[in-house]
């Protein structure tokens, strides 16, 4: 809680002061919801188990009953069970500390206790990136829907800046807090990720293989280090998925998910100790937006990454995270 309050204060203070610089030092731009967002990624739209607006993107299970009865402040009300994909978060992935890619600014933070200005060293084959996760209630802002139970309604906020996480650039400390990593970074565990990558290529990744992120690689370690960087975009996608997984972790999960079951289950959101990978997809919005496509978590970037980086951009990336929403539309 304290780190979130500190992050909010820092952003408000520093954005209101002249101590930031533009793209010459930190590439990125403020995301335009009209031109940068893939609105087709909102679909498929379902009522009960019936598709009202079809889509070529894979979907998750939906409630079979089209009707629901859910509690409200004035008592229970009858509604319709709907399913759609909600733009829920923005994610910066950058090698430069406090480079707010999706805001287009570089924060002037130099104190070591606040992320510092030194990037941890890698062996040349790997990479290290910082990650910032923002709450992004776009559907609520644009009033695309009117039922508050069917969208995120919290304010825009930085939920997680990795510069304030002491485990993000400290593999030993991360291992102490997540000792299960020794099991899931072993060769047999990594080999099982081939099946996850294959499933992600044709539909969605396998939730039970939580230590894998499909073709992107391993969920563990829960740090900003990647031992072997296949490509900058693939590494950036992996780290965005790692942070999503990390924010689902107990004892204080910061992200809650809906589930595709009949009421009363559809009336609420739930803490998931393991991130449901099949309920997430991502879209590149920075620095070169991919405004017409999105991709399930774990799906290979090989088919689309060409043309989305250019020399001199500093390997700064911004993603829009889409989350499946099942709810009772009242």
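Annotations for the structure displayed:
- Residues in region 51-81 that are under 22 Å from residue 39 (Cβ atoms) and exposed (fewer than 14 other Cβ atoms within 10 Å of the Cβ): 4 in all.
- Scanning region 203-217 for residues that are touching a helix residue (DSSP H, G or I) at 6+ places or on another chain (Cβ under 6 Å) and in contact (Cβ under 8 Å) with a residue 60 or more places away in the chain returns 204, 205, 206, 207, 212, 213, 214, 215, 216.
- Which numbered condition residue 196 misses (of (1) in contact with a strand residue (DSSP E or B) (Cβ under 8 Å, 6 or more places away or on another chain); (2) surrounded by 15 or more Cβ atoms within 10 Å (Cβ to Cβ); (3) modelled with pLDDT under 95): (3)
- Region 172-193, subset touching a helix residue (DSSP H, G or I) at 6+ places or on another chain (Cβ under 9 Å) and surrounded by fewer than 16 Cβ atoms within 10 Å (Cβ to Cβ), residue modelled with the lowest pLDDT: 190
- Region 230-259, residues that are assigned to a loop (DSSP other than H, G, I, E, B), surrounded by fewer than 20 Cβ atoms within 10 Å (Cβ to Cβ) and either in contact with a strand residue (DSSP E or B) (Cβ under 6 Å, 6 or more places away or on another chain) or in contact (Cβ under 8 Å) with a residue 60 or more places away in the chain (or both): 231, 253, 254, 259
- Selection of first residues in region 26-40 that are in contact (Cβ under 8 Å) with a residue 12 or more places away in the chain and of second residues that are surrounded by fewer than 12 Cβ atoms within 10 Å (Cβ to Cβ) and assigned to a loop (DSSP other than H, G, I, E, B), restricted to Cβ pairs under 7 Å at least 6 apart or on distinct chains, gives the following pairs, ordered by first then second residue: 38/292.
- Region 146-179, residues that are in contact with a strand residue (DSSP E or B) (Cβ under 7 Å, 6 or more places away or on another chain), under 20 Å from residue 96 (Cβ atoms) and assigned to a helix (DSSP H, G or I): 162, 163
- Residue within region 93-105 that is touching a strand residue (DSSP E or B) at 6+ places or on another chain (Cβ under 9 Å) and at pLDDT below 90 present: no
- Count - residues of region 139-171 that are surrounded by 19 or more Cβ atoms within 10 Å (Cβ to Cβ), free of Cβ contacts under 8 Å to residues at least 60 places away in the same chain and closer than 18 Å to residue 245 by Cβ: 3
- Single residue of region 310-330 satisfying the filter (assigned to a loop (DSSP other than H, G, I, E, B) and farther than 30 Å from residue 81 by Cβ) that is modelled with the highest pLDDT: 316
The rows are residues; the columns are (1) touching a residue at least 60 places away in the same chain (Cβ under 8 Å); (2) under 26 Å from the mean Cα position of the chain (by Cα); (3) closer than 26 Å to residue 131 by Cα.
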| site | (1), (2), (3) |
| --- | --- |
| 58 | yes, yes, no |
| 73 | no, no, no |
| 86 | yes, yes, yes |
| 91 | yes, yes, yes |
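- Any hit, region 294-309, residues being free of Cβ contacts under 8 Å to residues at least 60 places away in the same chain, within 17 Å of the chain's Cα centre (by Cα), in a loop (DSSP other than H, G, I, E, B) and surrounded by fewer than 22 Cβ atoms within 10 Å (Cβ to Cβ): no
- Filter result (surrounded by 15 or more Cβ atoms within 10 Å (Cβ to Cβ) and assigned to a helix (DSSP H, G or I)) within region 199-229: 199, 200, 201, 214, 215, 216
The values are calculated or read from the model by the stated rules, or taken from the named source; none is laboratory data. Here the structure is a predicted model, which means the values were calculated and not measured. Glycine also receives a Cβ, built like all others from the backbone with ideal geometry; neighbour counts cover every protein chain displayed.
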